[in-house]
Amino acid sequence: MFRKLFYLIFVSLIIVSCNSSNKNEENISEDIEIPDSIFDDKPLIISEEAMSDIIENISSPVEMAALLKETGVPFSKKYLCDVKRIDKLNTNFKRALNLGILSSDMGYLNMYDKTGSVMSSMSAIKSLTDDLRIGQFFDFETIKRLAINHENLDSLMYISVSSFNNMDSYLRETNRSDVSSLIVVGTWVEGMYFATQVAKTAPEGHKIIERIGEQKLILNDILLILKNYQNDKHFYDLVQDFESIKEKYNDVKITYTVGDPESREINGMLIIVTNDESHVEISKEQLTEIVKIIEKVRNKLINL
Amino acid sequence: MKRIIFYIILTLFLFNNNTYAQSDELVNVCALDIGNATYLKDFKVKLQQSNVKPPPCTKFSVVLNKGTIYQFNVCDAAGYEGKAILKLLDHSKLLGSNKKGDGTLMKAFGFQCQKTGVYNIQISFNNGKQGAAVAILSFMNVK
């Protein structure tokens, strides 16, 4: 009797644990069409856990868009990628990269309250996430309602960003960091594309130029995650593109001054101010080269 | 006996699904507290009671950008004794926490970043009590 009871509990525990890992999932454990060569038993350079940490460390696309808006840069539709070509993307490698690009576009549209255009981006995102079998993380109906009625724009931003965060966490929890890394790379490239396009005409010392220079810190992390999969030709090509970007950053200098943190109150909230400060030294020539290489890589990705 | 087995399975299923649903729900509730700030990401923590000193914590890392004022909101899940303590560190240098000098816990605090880089976040529960919490990172829109 006790043996039967033991088996029943054991089986139920297995069922429960399977249920947990397959949350919101229907037949999506099967991985996407990124070539199997990547998943061969070749060891990763860094662990999945370390990959997760690195991916978490790449800033949100919303921050770049917020900086553009905060510094008075007007909205421009010409920075956005054309969503009509999304249906032509025929591999999941291309889809994941372009999903990242579109997530940046959506962050940009949301930041400038361009809710009408959010819907066309959202339809393209729906199509890509369905193809990648991760569409379950987006409540498209709610997003559509908020966008169409132009209501509660903070909620629209929250739902959009948290949906992407949940999707990204899910991909990493289910050992699909390769897909996650492509989305992150696409997001970063598009955010940089906005920034560098604006920087073309920005006056010297503009905040956006400093933010572009600071991306030197992120580049090594991106290369680290991409190199994990460079046995695959597509990833290998992407690594080469990022090596070209990194090369343009070689002479960009980031220096630091040290200070002690202090606190002050702003709008009734305790704000800690760190007096450690970073400084970016980037010449006009270096910036021009970075603008060019980002434009080249971004245009390559959207025309894959 | 069959009835006992049925209840064991049912409890396991319900407990398992609720854990996820509750933390997501807590994120949604906590996001309401961020005011005019813009949501960036959330950190979910659940720790068992521990007598170890210092109490165990869950660690996260995040890139913060110069020139941005970030906001950290902390929300504790109902039904647990532990109250979350969030610490923000630059490597091992403590920059700030929601725990004030007198031991009281704030629901939120801000951080004006002057140095772009990777920062560490540690979340533990007071006196190592069992707890579950969500922390939300957002940035303040300063006009």
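The values are calculated or read from the model by the stated rules, or taken from the named source; none is laboratory data. Predicted model only: the values in this text are computed from it and were never measured. Please note: Cβ atoms are built from the backbone with ideal geometry, for glycine as well, and neighbour counts cover all protein chains shown. Areas reflect the complete protein model, heavy atoms only, side chains present, ligands, DNA and RNA absent. Shrake-Rupley method; radii C 1.70, N 1.55, O 1.52, S 1.80 Å.
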For the B and A pair, go ahead and give the buried accessible area with a 1.4 Å probe, both sides summed, in Å² to 100. 4200
Going toward the positive end of the dipole of the stretch B:45-100, with +1 on Lys and Arg Cβ and -1 on Asp and Glu Cβ, which of B:CYS75, B:LEU89, B:THR58 do you reach last? B:LEU89
Across the stretch A:205-285, how large is the tail of the calculated P(r) beyond 18 Å, expressed as a percent of all Cα pairs? 59
In the stretch A:60-109, which residues give up 50 Å² or more of accessible area once the other protein chains are added, compared with their chain alone (1.4 Å probe)? A:GLU63
Taking every alpha carbon pair in the stretch A:49-89 and sorting the distances into 5 angstrom bins from 0 up to the bin holding the longest one, the percent per bin comes out as 5, 17, 14, 15, 16, 18, 13, 3
Anisotropy class of the stretch A:157-304 from Cα gyration tensor, a/c 1.5 cut: oblate
Rg/Rh for the stretch A:101-231, where both radii come from Cα atoms and Rh is the Kirkwood radius: 1.00
How far is the Cα center of the stretch A:222-254 from the Cα center of the stretch A:70-124, in Å? 24
Could you size up the charge dipole of the stretch A:111-208 around its Cα centre, putting +1 on the beta carbon of Lys and Arg and -1 on that of Asp and Glu, and report it in debye to the nearest 20? 140
Among all the lysines, which ones have a C-alpha under 18 Å from A:LYS88's C-alpha, if same-chain residues fewer than 8 places away are not counted? A:LYS126, A:LYS300
Cross-link partners of B:LYS107 among aspartates and glutamates (Cα-Cα below 15 Å; sequence separation of 8 or more within a chain): A:GLU265, B:ASP33, B:ASP42, B:ASP76
What are the aspartates and glutamates whose alpha-carbon lies under 18 Å from the alpha-carbon of A:LYS200, with same-chain residues fewer than 8 places away excluded? A:GLU70, A:GLU190, A:GLU210, A:GLU214, A:GLU281, A:GLU285, A:GLU289, A:GLU295
